[in-house]
Amino acid sequence: MESEIEINSSYFDFKLLKKEYNSEIGAEVFQFHHQSTNASLFAIKNNDSNKTFVVSFKTIPNNSNGVAHVLEHTVLSGSRKFQVKDVFNEISKGGLTTFLNAMTFPDMTMYPFATRNLKEYFNIMDIYLDTTFYPKIDEFAFLQEGWRYHIENFKDEIKIKGVVYNEMKGVYSNPTSQAWYTLFEHLMPESTYSHVSGGNPKNIPDLTWNELKEFHSKFYHPTNATFFVYGDAPLNQELEFLNKNYLSNFSKKINIEPINFGKKNKSFKKIHTTYAVNKNESKSNKTFLILGIPVTTSENDEEILALKILSEILFSSDASPLKIDFFESKIGKDIEGGLLSQNHTAVLFIEVIGSEINKMDEFLRIFNTSLRKIINNGLDSELILSELNNYEFHKREESCNSQRGLQYVLKLTNAKKLNKSPFNALKSDKIFKSIRKKILKDNYLEYLIEDKLLNLEKSVAVTLSPEQGKNEKENENLKAKLSNFKSSLTKNQINNLINKTHEFEKYQNLENSEKNLEILPSININDIPKELDYKAADIINGKNNSTTILNDIYTGGISYYNFGFDCSIIPKNLLIYLDIFGMIITEIGTKKLDYIEFSKKKNIYTGNISYQFSIFNHVENRDDYKSIFWINAKILKEYISEGLKLIEDLIFEHNFENTHRIKEIIERNYAWIENQVQSEGYQLPLSRSKAKLHESCYIKELVSGSMGFLHLKKLISNYDKMENELISSLIKIGELLFNQQNSIFTITAERNDIIYAKPIINKIFQNLSSEKLPKQKITMDTNFGNDALITSAEIVFAVQTGEIFKSGKDFNGSFEVLRSYLGNEYLHEKVRAQGGAYGCFPIFDSNTGILSFVSYRDPNVKSTYEAYNNIPQAVKDIELSERALEQLIIRTFGNFDPLLNPYMQGIISRNRYLTGKTKEFLFKILSEIKSTNIKDLQGYFYPIQDFSINAVRSIIGNKDKIQSNKNLFDTLIQL
């Protein structure tokens with residue numbers, strides 16, 4: 001039908017305004033106007049089977065109580081047609097969706113999903129539209145997802161609970177988030193963007209249920225909606241479905257509130273604020289400096305693209321003159337920046353991490369001086385070319401992104417919001433060619449620096465410094481406030497709160513009726529594929545037990561390379577330095593190229609060069625494992641020779657003589673890792689809890705877990721004393737690691753590019769040492785127990801880990817169905833819905849037989865571990881309807897058939913080979929998944945019970961919450 005649709009003709013009340021074939025994305029693009037409601041619809045039609053649907057609403061907050069965010073959660077908790085408590089979770093339990101989410105932005109709320117199944121596509125479209133246009137907005141759903149007072153007995157303290165409340169506590173635990181909110185509050189005062197649409201935890205309790213309902217009535221209307229459809233679904237069916245089932249029931253809405261752009265900041269502002277660290281935590285080198293510069297308006301597409309490229313040159317490349325001056329000044333551990341162009345005013349931002357409270361003026365002076373030097377001397381031509389090439393690389397890679405439909409939708413959404421041409425938003429080649437010419441010939445970037453970056457008249461500079469004990473003070477203030485509130489209440493009012501708490505608990509324990517669940521449209525077992533599309537790699541075995549793995553697939557002209565080296569020959573005293581080795585070797589340069597020249601060449605000839613440490617346990621014997629250090633590269637076909645030459649130099653010509661630069665790299669990486677650990681560090685307790693269960697897990701913990709982090713912290717604190725040990729360790733690792741023995745080379749590319757690259761890689765292999773090295777015996781430490789890692793976060797991430805199987809031979813596919821049940825049903829209900837955590841999920845490794853439960857942004861400790869400990873009884877008592885079990889089976893099948901981009905297709909193929917997961921093994925598991933019954937699930941009672949008895953607890957997060965439950969832990973470790 002797409003080719004027959006004519007401009008200005010109407011189809012199911014949708015009038016086609018414009019259509020155009022876009023050769024850059026290989027799709028026909030349509031713009032429709034729904035005549036009865038004024039709704040907009042954009043369609044992107046191609047042969048991509050990953051059909052994507054989005055409904056988006058402009059949502060304008062007037063404060064930071066999180067109304068848009070809470071509403072996003074609440075509308076998915078039941079609607080006119082679908083009378084179930086948590087619609088979103090119900091559709092998450094079953095189905096084959098490749099993407100399913102809801103997202104709150106500063107000025108809009110978006111509900112996207114994607115699936116390869118046409119029946120499911122229209123099913124979830126129906127669910128999303130009914131829940132957004134006709135939600136119940138039940139008071140108890142508001143109390144669960146937003147916030148509520150909690151008091152069970154008259155003598156108890158009043159507490160505040162809620163999913164969004166705790167989610168945003170987690171967000172505010174990240175200092176960078178706080179800095180951003182402060183920046184935009186002052187950069188765009190009294191505007192939509194000066195508010196925190198997700199909600200400030202201090203303001204979320206100001207939100208009322210009535211305000212939530214009014215906000216929905218105000219903004220969730222077709223006149224204020226934009227619809228997006230992408231992929232190979234029939235366009236006529238999409239238009240008919242939308243109009244017949246939903247839009248035909250509405251008329252135009254007259255008054256739609258516009259985005260409030262507020263007042264323009266008219267003078268340079270310096271703002272100081274603080275973030276929390278623990279009372280005994282050092283404040284040294286923990287200040288953030290952020291500068292925001294309004295540089296242009298949204299309609300200047302060419303200027304915006306040029307500024308994006310300029311920001312990459314100035315802040316991303318280690319060859320940047322600005323970054324070089326910054327590191328020489330020693331005012332911080334790292335600097336980064338970029339261009340934010342999603343709003344009417346584009347803002348260039350610069351962020352310094354690891355600084356001090358008194359360094360803002362010095363930073364501004366260096367920024368100004370360095371930019372003036374660049375104007376006078378000009379930017380290096382190779383540096384410019386490196387970022388131009390890097391831009392082209394990432395644009396080409398985007399065309400193969402597995403969720404490219406969603407990427408295109410985000411571009412269209414931004415264009416429509418800013419009243420720009422949506423069609424131009426999906427085209428950049430013409431603008432880029434023009435920009436490239438200007439940049440290379442006309443000193444255009446230097447002009448932009450002088451015109452846009454040196455005048456800070458309307459800019460805002462934020463200093464965010466650590467404050468010891470801030471969380472404790474704020475928590476005491478909140479406690480006092482709630483105590484005063486309770487004192488102000490009459491006995492009847494307190495009893496009403498107690499009754500409300502108990503009524504809410506009844507609501508949480510209320511199960512959906514089977515009748516209401518059956519109304520939810522779903523696919524059935526006959527709708528899923530009969531088998532997986534299993535593509536085995538070509539394996540070439542070489543001398544010294546080396547292996548070459550070839551994946552011949554379409555990659556859009558990009559070649560992906562993984563150079564793997566056996567770590568079993570690295571002794572324990574060096575393994576602790578292996579992650580640091582990776583940091584250094586991919587950035588330090590070589591004997592032929594210093595780090596500045598290496599950085600330029602890397603960006604000219606590759607999309608990136610990175611490192612990774614991985615362990616692969618064989619599925620039939622977990623004690624048969626490979627520990628591999630990978631050097632990864634992605635290279636355009638035009639630069640295969642040059643890109644692989646850089647890898648060759650990195651391996652054979654690496655150079656650790658520049659000790660000053662090595663220290664800079666380590667301090668920079670530590671600063672970012674520490675920031676991440678404080679707010680999102682659940683990987684550390686997860687790794688630590690596994691470390692005592694198996695040697696391979698212990699090695700992983702040593703290299704990149706909490707032991708690795710604590711060693712890095714020790715190195716930073718004692719650098720001068722440990723520098724000699726560090727350098728000698730790096731040198732020794734390089735001597736041992738780059739060896740032919742057990743090496744693995746993977747190429748994922750198109751056939752001709754594989755043929756071209758193979759002799760180059762063979763040459764690299766031939767030049768590796770062929771010395772036979774002994775496998776090192778790793779002695780595991782025995783001092784791991786139930787360990788708690790203390791940070792300044794306001795929430796926790798609680799982990800419980802243990803063994804279910806001893807090897808993959810004991811593993812049956814029915815356990816994957818049980819895992820789906822535990823994640824989507826039991827843990828969701830107990831830890832998220834009832835406990836208020838943002839999430840909770842099981843992680844299972846079938847190769848080691850190790851199972852972990854992880855809570856995410858969790859306000860609780862004791863009740864979460866109680867929920868974990870009650871899992872055996874929950875398994876014993878499992879009762880599921882035929883429909884519910886079928887949905888779990890379908891979701892579990894979908895997890896084994898993920899949508900992958902070309903790079904990940906190559907990685908999955910490689911990993912299956914290295915772990916012995918043959919086609920026969922996987923098809924056996926899938927057969928077991930499909931044939932799972934209730935008795936199979938209940939049969940895991942005894943293994944789960946043994947798991948619980950012997951499980952290891954580990955946690956990271958808030959000091960007070962952990963210390964209040966210190967009886968659960970053997971050791972408390974301050975990070």
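The values are calculated or read from the model by the stated rules, or taken from the named source; none is laboratory data. Small disclaimer: the values here were computed from a predicted structure and weren't measured. Don't worry about glycine lacking a Cβ; one is built from the backbone with ideal geometry, like all the others, and counts go over all protein chains shown.
Is at least one residue of the range 106-127 assigned to a loop (DSSP other than H, G, I, E, B) and closer than 30 Å to Asn343 by Cα?
yes
So, in the range 434-457, how many residues would count as being surrounded by fewer than 18 Cβ atoms within 10 Å (Cβ to Cβ), in a helix (DSSP H, G or I) and acidic (Asp, Glu)?
2
Looking at the range 269-281, I want the residues that are surrounded by 14 or more Cβ atoms within 10 Å (Cβ to Cβ) and have a partner that is part of a loop (DSSP other than H, G, I, E, B) and not charged (D, E, K, R) with Cβ atoms under 6 Å, at least 6 apart or on another chain. Which pairs are those?
From residues that are surrounded by 14 or more Cβ atoms within 10 Å (Cβ to Cβ), the pairs are Ala276/Ser792; Val277/Ser792; Asn278/Ser792.
Considering each residue of the range 664-698, count those that are under 15 Å from Ser355 (Cα atoms) and not aliphatic (A, V, I, L, M), and give that number.
Residues flagged as under 15 Å from Ser355 (Cα atoms) and not aliphatic (A, V, I, L, M) within the range 664-698 amount to 8.
Test Leu482 against the stated conditions and say whether it is in the same structural domain as Asn300 (by TED's automatic domain parsing) and touching a residue at least 40 places away in the same chain (Cβ under 8 Å).
So Leu482 does not fit the description; no.
Only one of these is of a type in the set (A, V, I, L, M, F, W, C) and under 26 Å from Leu118 (Cα atoms): Phe250, Phe227, Phe268, Phe215. Name it.
Unique residue meeting the criteria: Phe227.
Could you check how many residues of the range 607-622 are touching a Ser or Thr at 6+ places or on another chain (Cβ under 8 Å) and part of a strand (DSSP E or B)?
Within the range 607-622, residues that are touching a Ser or Thr at 6+ places or on another chain (Cβ under 8 Å) and part of a strand (DSSP E or B) number 11.
So, in the range 485-512, of the ones that are touching a residue at least 40 places away in the same chain (Cβ under 8 Å) and within 22 Å of Thr131 (Cβ to Cβ), which residue ends up surrounded by the most Cβ atoms within 10 Å (Cβ to Cβ)?
Here the answer is Phe504.
Please list, ordered by first then second residue, the pairs with beta carbon atoms under 7 Å, 6 or more apart or interchain, first in the range 930-956 and assigned to a helix (DSSP H, G or I) and of a type outside the set (Ser, Thr, Tyr), second modelled with pLDDT of 95 or more and surrounded by fewer than 17 Cβ atoms within 10 Å (Cβ to Cβ).
Pairs found: Gln938/Lys876; Phe941/Lys876.
Can you report the number of residues in the range 161-200 which are under 28 Å from Glu505 (Cα atoms) and either in contact with a Cys (Cβ under 6 Å, 6 or more places away or on another chain) or β-branched (Val, Ile, Thr) (or both)?
The total comes to 3.
With the structure loaded, tell me whether Glu657 is without any contact (Cβ under 8 Å) to a residue 12 or more places away in the chain and closer than 12 Å to Ile584 by Cα or whether it fails that test.
So Glu657 fits the description; yes.
What tally of residues in the range 260-288 results from selecting those that are aromatic (Phe, Trp, Tyr) and assigned to a loop (DSSP other than H, G, I, E, B)?
Within the range 260-288, residues that are aromatic (Phe, Trp, Tyr) and assigned to a loop (DSSP other than H, G, I, E, B) number 2.
Based on what the data block shows, is Tyr246 closer than 24 Å to Gly405 by Cα and buried (at least 21 other Cβ atoms within 10 Å of the Cβ)?
yes
Mind checking whether some residue in the range 642-660 is assigned by TED's automatic domain parsing to the domain that holds Ser610, of a type in the set (Lys, Arg) and buried (at least 21 other Cβ atoms within 10 Å of the Cβ)?
No, there is no match, as no residue in the range 642-660 is assigned by TED's automatic domain parsing to the domain that holds Ser610, of a type in the set (Lys, Arg) and buried (at least 21 other Cβ atoms within 10 Å of the Cβ).
Restricting to the range 394-433, and then to whatever is in contact with a Gly (Cβ under 7 Å, 6 or more places away or on another chain) and not in a helix (DSSP H, G or I), can you tell me which residue is farthest from Asp301 (Cα to Cα)?
So the residue we want is Cys400.
Within the range 144-259, considering only strands (runs of 3 or more DSSP E) that don't extend past its boundaries, which have at least 1 residues that are among the aliphatic types (A, V, I, L, M) and either in contact with a strand residue (DSSP E or B) (Cβ under 8 Å, 6 or more places away or on another chain) or farther than 30 Å from Gly292 by Cα (or both)?
159-161, 225-231
Any residue in the range 697-704 that is part of a helix (DSSP H, G or I), closer than 15 Å to Met583 by Cα and of a type outside the set (Lys, Arg)?
Yes, that holds for at least one residue.
Search the range 926-951 for residues being surrounded by fewer than 20 Cβ atoms within 10 Å (Cβ to Cβ) and small (Gly, Ala, Ser), and hand back the single one that is nearest to Ile525 (Cα to Cα).
This residue is Ser931.
Which of the following residues is touching a residue at least 24 places away in the same chain (Cβ under 8 Å), out of contact with any helix residue (DSSP H, G or I) (no Cβ under 8 Å at 6 or more places or on another chain), of a type in the set (Val, Ile, Thr) and more than 30 Å from Tyr554 (Cβ to Cβ): Thr782, Thr791?
Thr782
Among the candidates Ile290, Ile254, single out the residue that is surrounded by fewer than 15 Cβ atoms within 10 Å (Cβ to Cβ) and among the aliphatic types (A, V, I, L, M).
Ile254
State the number of residues belonging to the range 913-927 that are small (Gly, Ala, Ser) and under 18 Å from Ser814 (Cβ atoms).
Residues that pass the stated criteria total 1.
In this structure, does Tyr698 turn out to be at pLDDT below 95 and buried (at least 20 other Cβ atoms within 10 Å of the Cβ)?
no
Among the residues of the range 345-372, count how many are touching an Asp or Glu at 6+ places or on another chain (Cβ under 7 Å) and outside any strand (DSSP E or B).
Qualifying residue count for the region: 2.
Could you list all residues from the range 674-695 that are among the charged types (D, E, K, R) and either surrounded by fewer than 24 Cβ atoms within 10 Å (Cβ to Cβ) or in contact with a Lys or Arg (Cβ under 9 Å, 6 or more places away or on another chain) (or both)?
Of everything in the range 674-695, those that are among the charged types (D, E, K, R) and either surrounded by fewer than 24 Cβ atoms within 10 Å (Cβ to Cβ) or in contact with a Lys or Arg (Cβ under 9 Å, 6 or more places away or on another chain) (or both) turn out to be Glu674, Glu680, Lys690, Lys692, Glu695.
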